[in-house]
Amino acid sequence: MLVVRTIADLREALRPARREEASIGFVPTMGALHHGHEALMERARTECDVVVLSIFVNPTQFNDPTDLERYPRTEEADVAIAEKNGVDFVFMPSAEEMYRPGSTIEVRLDGPLVDSLEGAHRGSDHFHGVTTVVTKLFNIVQPEVAYFGQKDAQQALVIRALVRELDMPVRIDVVQTVREDDGLAMSSRNIHVKGRDRERALGLKAALDEAQSAYDGGERDAAALTERAVAAMKPFEVVPEYLAIVDRVTLQPVETVEPGALVVIAAPVGPVRLIDNTVIKDTAQLTRSA
Ligand code: PAF
């Protein structure tokens, strides 16, 4: 495995793979790697000839300077995890390497996909930062497939739209959320969730589970289902920043809940803000056909 820090070195390192028309799988990350990232690396390893992992804490997507400052940086451990998962190249550029002095580039999508939910609460500049850096990374790596986690469901939809609108020849593969044994969705920010907050963090999964069980119990009204999900967080002393039931492609709120609807949630827990989501399943149907 090779660790490279400049764009020129990565291009050089990938030259033989390109000459041989090897398929390049790409896992873009901000580091502090966990099992969720490992699932992306594993998928890339199985599907592609060459796997590139990037680790770059992208300043342009942070709306909160304290969040950027506190974002965990665990370079040495990350490199070991990448190696263990069969990554071929780790790309770890500096901020100056990615954004040259005087750089003014911004690649942005507008509209409800970026303005709703995370965009409404963090500001749509968050997604403008994501689409800018992902475009740059895709141009640098030129992968055939890029891997993203379902935990950041909105991000995955934004990236799909980006690739579609810019006609980029990259397939976007979205990999299921990986959870701790007790259900907490894996996230780099979990490092800061300690003590009682660690128990409180389970409020997010409790809300998602409640939404599914309300659906299983016959509730189809989105407002009623949302209310039950919010109530399920109360024992955990967690108040959502938003909890919404939306169409899983457009992210527009639904009134009547059908299988495939996406339940999305964001909530502050101690010093961090956590997000999670689930897709409503028709479990009755599953049981009938089992
Ligand atoms: O999901 C992330 O870690 C980041 O948003 C990404 C896609 C690496 C862009 O900085």
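Roughly how many debye, to the nearest 20, is the charge dipole of the chain about its Cα centre, given +1 on each Lys and Arg Cβ, -1 on each Asp and Glu Cβ, and no other charges? Provide the component values of the computation, followed by the final result.
Details: 32 positive and 46 negative charges, 43 e Å.
Computed charge dipole of the chain: roughly 200 debye.
Mind checking the full-extension length gain between D67 and E255? Use 0.36 nm per residue of separation minus the Cα-Cα distance, one decimal, nm. Please list the in-between numbers first.
Details: separation 188, 0.36 × 188 = 67.68 nm, distance 3.42 nm.
The D67-E255 span can extend by a further 64.3 nm.
Mind scanning K194/K281; K151/K234; K151/K281 and naming the pairs with a C-alpha gap bigger than 20 Å?
Numbers: K194/K281 32 Å; K151/K234 22 Å; K151/K281 17 Å.
Table pairs above 20 Å Cα-Cα are K194/K281; K151/K234.
Compute the helix-to-body angle for 222-233: its Cα long axis versus the longest principal axis of the chain, expressed 0 to 90° and rounded to tens.
Approximately 80 degrees, to the nearest 10.
Once R0 is set to 30 Å, what does the formula 1/(1 + (r/R0)^6) return for the Cβ-Cβ distance between E237 and T6, expressed as a FRET efficiency to the nearest 0.05? It would help to have the intermediate numbers written out before the result.
Details: r = 47 Å, r/R0 = 1.57.
So, using R0 = 30 Å, E works out to roughly 0.05.
Per the helix-only calculation at 222 nm, which mean residue ellipticity applies to the chain, given -39500 (n - 2.57) for every DSSP H run of n ≥ 4 and division by its residues, nearest 500 deg cm²/dmol? Intermediate values should be presented prior to the final figure.
Details: 13 runs with 124 residues, N = 290.
Taking each H run of at least 4 residues, the total per residue is -12500 deg cm²/dmol.
Below 14 Å, Cα to Cα, which aspartates and glutamates can K136 reach? Residues fewer than 8 away in the same chain don't count.
E96, E97, E106
How tilted is helix 75-84 with respect to the longest principal axis of the chain? Cα atoms for both, answer in degrees (0 to 90, nearest 10).
Rounded to the nearest ten degrees, it is 90.
Over the C-alpha atoms of the chain, what are the Rg and the largest Cα-to-Cα span, Dmax, in Å?
Gyration radius and largest Cα-Cα distance of the chain: 19.5, 61 Å.
Under 15 Å from the Cβ of E76, count the other residues' Cβ atoms, weight Lys and Arg +1, Asp and Glu -1, and hand me the total.
Details: positive: R5, R73, K84; negative: E75, D78, E83.
Its environment carries a net charge of 0.
Under 10 Å, Cα contacts only: if you run a Gaussian network model on the chain, which one of L243, L166, L157 comes out with the highest mean-square fluctuation?
L166
Give me the aspartates and glutamates in straight-line cross-link reach of K84: C-alpha distance below 18 Å, same-chain residues under 8 apart excluded.
Straight-line reach from K84, under 18 Å: E38, E42, E47, D49, E75, E76.
Give, in nm to one decimal, the length gained when the segment between R18 and D221 is fully stretched (0.36 nm per residue of separation minus the Cα-Cα distance).
Working: separation 203, 0.36 × 203 = 73.08 nm, distance 5.19 nm.
The span from R18 to D221 would gain 67.9 nm if fully extended.
Need the C-alpha centroid separation for the stretch 6-34 versus the stretch 244-285, integer Å.
The distance from the Cα centre of the stretch 6-34 to that of the stretch 244-285 comes to 33 Å.
Positive end of the charge dipole of the chain (Lys, Arg +1 and Asp, Glu -1 on Cβ, about the Cα centre): tell me which of G270, A32, V246 has its Cα farthest that way.
Most positive-ward Cα: A32.
Estimate the FRET efficiency between T104 and R179 by the formula 1/(1 + (r/R0)^6), using the beta-carbon distance for r and 45 Å for R0, to the nearest 0.05.
Given R0 = 45 Å and the Cβ-Cβ separation, E is 0.65.
Counting only C-alpha contacts under 8 Å and six or more residues apart, can you give the relative contact order of the chain as a whole percent?
Values: 506 pairs, mean separation 47.2, N = 290.
This gives 16 percent for the chain.
What does the net charge come to around F127 if you take all other residues with beta carbon closer than 10 Å to its beta carbon, with K and R at +1 and D and E at -1?
On the way: positive: R108, R122; negative: D110, D115, E118, D125.
Neighbour charge sum, excluding F127 itself: -2.
Once you place label points 7 Å from the Cα toward the Cβ at S213 and H192, how far apart are they in nm?
The two pseudo-label positions are separated by 3.1 nm.
If you take every residue apart from Q154 with its C-beta less than 13 Å away from the C-beta of Q154, what net charge results, scoring Lys and Arg +1 and Asp and Glu -1? Mind dumping the intermediate values first?
Working: positive: R122, K151, R160, R248; negative: D115, E118, D152, D247, D276.
Net charge around Q154: -1.
We did not get these values from a lab; they are worked out from the coordinates using the rules stated. Predicted model, so just to flag it, every value in this text is computed and none were measured. All Cβ positions, even for glycine, are placed from backbone atoms using ideal geometry, and neighbour counts span all protein chains on display.
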